[in-house]
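The structure under discussion appears below in the form of structure tokens.
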Amino acid sequence: MTEIFLNLLKFFPPEIAHKLTILLLKIKINKNKKIFDDPVLCQRLLGLDFSNPLGLAAGFDKNAEVVIPMLNLGLGFVEVGTITPQPQKGNNKPRVFRLKEDLAIINHLGFNNTGCLKALDKLKVLNSDPSFQGVVGINIGKNKNSKDSIEDYLFCLEKIGGYGNYITVNISSPNTPGLRDLQLRGRIENLVKSIQKKQKNFEYLLDKPIFIKISPDLDDEQLRDIALMSLANNVDGLIISNSTTKRSQSLLSHNKNEIGGLSGKPLFIESTLALKKMYALTNGQIPLIGVGGISSGSECYEKIKSGANLVQLYTALVYQGPKIISKIKFELVDLIKTDGYKNIKDVVGKSV
Ligand SMILES: Cc1cc2nc3c(=O)[nH]c(=O)nc-3n(C[C@H](O)[C@H](O)[C@H](O)COP(=O)(O)O)c2cc1C
């Protein structure tokens with residue numbers, strides 16, 4: 001039944017297909033199932049227990065509506081958002097494009113979401129469910145017309161930060177004008193310091209690790225600046241990476257010149273390179289989440305060997321459906337054991 005539904009989805013425009021998927025997930029049984037992962041995949045990181053390293057990347061569950069059904073598919077964690085202080089519609093449609101021949105997506109959604117307060121209601125319900133026990137990240141951003149970007153992040157942090165296990169500060173989506181400038185030297189440090197100050201003022205935020213999500217399009221100097229800033233300010237973790245605005249010559253699909261962030265297979269090499277560089281620049285001292293183009297166990301393994309403690313995916317789920325989750329985990333366990341490692345932690349950064 002689910003298989004038929006998934007096959008039908010590709011005949012719908014991408015955004016409608018996504019809406020139908022969320023609808024289907026919402027009507028599924030919402031009790032949190034216990035998934036038993038192979039112990040080689042389990043790790044404790046920043047005070048959180050992950051039963052496996054494979055998480056859902058931000059953008060799929062923008063409004064925190066399907067956390068439990070996504071965890072029930074076997075993911076080790078789910079990141080919701082990007083959530084902005086005020087609700088916003090995002091950019092004009094069409095704004096999501098499949099690049100089938102390239103196993104990629106281009107989107108210029110522009111943080112369409114129901115806003116912080118609606119998300120708060122959803123997250124409160126989730127936290128009050130006694131069956132709920134997964135790891136949830138809350139990805140926060142700024143409104144398009146915000147006058148003060150930092151205030152937007154601080155607002156979200158204060159309102160909803162207490163209802164997740166970690167927080168992601170998204171400063172790398174290509175579809176909100178000026179957002180990626182927050183990655184620049186000085187500006188990023190200012191943002192990080194403001195966030196850490198806010199965190200110190202609220203007890204419920206003290207144990208929440210904060211990740212900064214960065215772009216794969218940063219040059220070496222910018223990566224170095226972020227690494228040094230992160231080390232100097234004890235940043236908890238970095239997520240590498242968001243989608244890219246670059247277009248490789250090898251893209252085949254007729255949609256390749258659409259505006260927005262490119263994700264999926266063609267992003268794998270660039271995002272993994274940025275990950276590797278960041279691992280080296282930070283001497284492996286800062287936990288990293290590797291994202292971009294993962295569609296198999298071996299790509300997942302490569303991200304981990306390149307320095308990622310955890311990984312996330314989105315686009316491959318669109319092309320391969322939820323069965324990809326158990327397939328990746330199965331292949332990953334096999335690779336870890338074949339190489340003689342006892343636990344996923346032992347693999348981190350091994351090829352850097
Ligand atoms: C349709 C779509 C919407 C996205 N929305 C967000 C978002 O709101 N916030 C964010 O941080 N990343 C967003 N992303 C980026 C993903 O989280 C991820 O970083 C990127 O897609 C690379 O992973 P992938 O190749 O596995 O898809 C979005 C990606 C897609 C495809």
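The values are calculated or read from the model by the stated rules, or taken from the named source; none is laboratory data. Since the model is a prediction, treat every value here as computed from it, not as a measurement. When we count neighbours, we look across all protein chains shown, and the Cβ atoms used for this are built from the backbone with ideal geometry, even at glycine.
Tell me, please, whether a residue that is over 26 Å from residue 45 (Cα atoms) and among the aliphatic types (A, V, I, L, M) can be found in the stretch 148-162.
In the first step, residues of the stretch 148-162 are kept if they are over 26 Å from residue 45 (Cα atoms); the result is 148-152, 155.
Next, only the ones that are among the aliphatic types (A, V, I, L, M) stay: 150.
Yes, because at least one residue in the stretch 148-162 is over 26 Å from residue 45 (Cα atoms) and among the aliphatic types (A, V, I, L, M).
Would the stretch 181-203 turn up any residue that is surrounded by 20 or more Cβ atoms within 10 Å (Cβ to Cβ), within 16 Å of the ligand (Cβ to nearest atom) and within 21 Å of residue 311 (Cβ to Cβ)?
no
Is it fair to say residue 80 is under 20 Å from residue 120 (Cβ atoms), at pLDDT 95 or above and in contact with a Lys or Arg (Cβ under 8 Å, 6 or more places away or on another chain)? Steps first, answer last, please.
Details: under 20 Å from residue 120 (Cβ atoms): yes; at pLDDT 95 or above: yes; in contact with a Lys or Arg (Cβ under 8 Å, 6 or more places away or on another chain): yes.
In short, yes.
Does residue 147 meet the test of being away from the ligand (no atom under 15 Å from the Cβ), more than 20 Å from residue 202 (Cα to Cα) and either surrounded by 19 or more Cβ atoms within 10 Å (Cβ to Cβ) or aromatic (Phe, Trp, Tyr) (or both)? Walk me through it before giving the result.
Numbers: away from the ligand (no atom under 15 Å from the Cβ): yes; more than 20 Å from residue 202 (Cα to Cα): yes; either surrounded by 19 or more Cβ atoms within 10 Å (Cβ to Cβ) or aromatic (Phe, Trp, Tyr) (or both): no.
So residue 147 fails the test.
Note down all Cβ pairs under 7 Å where the first residue falls in the stretch 236-263 and is hydrophobic (A, V, I, L, M, F, W, C), the second is loosely packed, with under 14 Cβ neighbours inside 10 Å and not in a loop (DSSP other than H, G, I, E, B), and they're at least six residues apart or on different chains.
Note: pairs meeting the criteria are 252/101.
Among the residues of the stretch 43-61, is there at least one that is over 20 Å from residue 295 (Cβ atoms), in contact with a helix residue (DSSP H, G or I) (Cβ under 7 Å, 6 or more places away or on another chain) and either at pLDDT below 95 or of a type outside the set (Gly, Ala, Ser) (or both)?
yes
How do the pairs read when you match residues in the stretch 298-326 that are closer than 20 Å to residue 8 by Cα and of a type in the set (S, T, N, Q) with residues anywhere that are within 15 Å of the ligand (Cβ to nearest atom) and not in a strand (DSSP E or B), using Cβ under 7 Å and keeping only pairs 6 or more apart or on different chains?
320/295
Just to verify a result, which residue in the stretch 150-172, among those that are β-branched (Val, Ile, Thr) and surrounded by 21 or more Cβ atoms within 10 Å (Cβ to Cβ), is farthest from residue 188 (Cα to Cα)?
It comes out as 160.
Against the conditions (1) away from the ligand (no atom under 16 Å from the Cβ); (2) under 23 Å from residue 302 (Cα atoms); (3) of a type in the set (Asp, Glu), where does residue 225 fall short? Just the number, please.
Exception for residue 225: condition (2).
Could you give every pair whose Cβ atoms fall below 6 Å, whose first residue belongs to the stretch 177-205 and is farther than 14 Å from residue 148 by Cβ, and whose second residue is in a helix (DSSP H, G or I) and small (Gly, Ala, Ser), counting only separations of at least 6 or pairs across chains?
Close Cβ pairs satisfying both conditions: 204/162; 205/161.
When you scan the stretch 259-298, how many residues do you find that are over 23 Å from residue 59 (Cα atoms) and under 16 Å from the mean Cα position of the chain (by Cα)?
The first filter runs over the stretch 259-298 and keeps only residues over 23 Å from residue 59 (Cα atoms), leaving 276-286, 298.
If we keep only those that are under 16 Å from the mean Cα position of the chain (by Cα) too, we end up with none.
Summing the residues that are over 23 Å from residue 59 (Cα atoms) and under 16 Å from the mean Cα position of the chain (by Cα) in the stretch 259-298 gives 0.
Do any helices (runs of 4 or more DSSP H) lying entirely in the stretch 1-120 carry at least 3 residues that are more than 12 Å from the ligand (Cβ to nearest atom), in contact (Cβ under 8 Å) with a residue 40 or more places away in the chain and within 20 Å of the chain's Cα centre (by Cα), and which ones are they? Please lay out each step first, then the result.
Numbers: elements: 2-9, 14-27, 67-72.
The qualifying helices (runs of 4 or more DSSP H) are 67-72.
Looking at 172, 146, 131, 194, can you tell me which residue is part of a helix (DSSP H, G or I) and of a type in the set (Gly, Ala, Ser)? It would help to see each step written out before you state the result.
Numbers: 172 fails: part of a helix (DSSP H, G or I); 146 fails: part of a helix (DSSP H, G or I); 131 fails: part of a helix (DSSP H, G or I).
After applying the criteria, what remains is 194.
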